1. Hey, rough spin-label estimate for L158 and V109, points 7 angstrom out along Cα→Cβ, what's it come to in nanometres?
2. Please sort 166-172, 89-95 by packing, taking for each peptide the average over its residues of neighbouring beta carbons within 10 angstrom, highest first.
3. Over region 20-182, one equal point on each Cα, no solvent: what is log10 I(q)/I(0) by the Debye formula at q = 0.09 Å⁻¹?
4. With springs only between Cα atoms under 10 Å, which of V60, V129, V142 fluctuates most in a Gaussian network model of the chain?
5. On full extension of the chain, what length is gained from R172 through F39, given 0.36 nm per residue of separation minus the C-alpha to C-alpha distance?
6. Helix check for the chain. Which DSSP H runs span at least 18 Å along their own axis by Cα, with a mean Kyte-Doolittle hydropathy no less than 0.5?
7. Going through region 101-184, which trypsin sites (Lys or Arg not before Pro) have at most 16 other Cβ atoms within 10 Å and a DSSP loop state?
8. Cβ under 12 Å from V65's Cβ, V65 left aside: what net charge do those residues give with Lys, Arg +1 and Asp, Glu -1?
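What follows draws every value from the coordinates through simple rules; no lab data is involved. Nothing here was measured: the structure is a model prediction, and the numbers come from that model. Ideal geometry is used to build each Cβ from the backbone, glycine not excepted, and the neighbour counts take in all protein chains shown.
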Amino acid sequence: MRAPRLTPLRRFLHGLRSERGSAAVEFALIAPVMVVLYFGLTEFTMAMMAQRRVAHVASVIADLVSQTPQIKNSEVTDVFTVGGAIVSPFPSTPLKMRITSVVADANAVPKVTWSLGQGLSALAVNTTVTVPNNLLAAGDSVVMADVQYNFTSPLQVLLPNALTFSSTFYLRPRRSPSVALLAG
């Protein structure tokens, strides 16, 4: 005697009760979610690395400038080159930097004495800038480094648009009351 032929609906229901293909079905349902999760975590990790590099670039370029009583234009260009090397392995083309010397006047108002930028425009001399409260007293000086970076994820799974990271770092000159900018 022959077994009765199953209709498509009964065959489907019989397949649901059967456990032969359940592992494959579960894998097919879970695998895409796991792949997106993996690539998403990779993207967020890379973005965090880029953000930390931006902060590191700001601190290093401010530190390099604050170590000298005077600096030349060409030496500031070299400092910007160091900043580009620090952001590696990320591309350095979206990196924008600016170094500014700020001195508080007799009323403790912070004003720009000189500023140079690469990708960011230099601030005009005697422009009033905002610094953290109680950072400068009258006559005090600080080197201010501004850095911006447009991070574009190479994967673009969960981060399809560029993220802009920025950092500002303040450091007092070490060997003189202020850092002078020399031509050359």
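1. Output for this residue pair reads 4.8 nm.
2. Details: 166-172: 17.7, 89-95: 15.0.
Per-residue Cβ counts within 10 Å, averaged per peptide and sorted highest first, yield 166-172, 89-95.
3. -0.40
4. V129
5. On the way: separation 133, 0.36 × 133 = 47.88 nm, distance 4.19 nm.
So the extension gain works out to 43.7 nm.
6. Working: long enough: 22-66 (66 Å, 1.26); 73-86 (20 Å, 0.59).
Both cut-offs are met by 22-66, 73-86.
7. R174, R175
8. Working: positive: K72, R98, R172, R174, R175; negative: D63, E75, D78.
Spelling it out: positives minus negatives among the neighbours equals +2.
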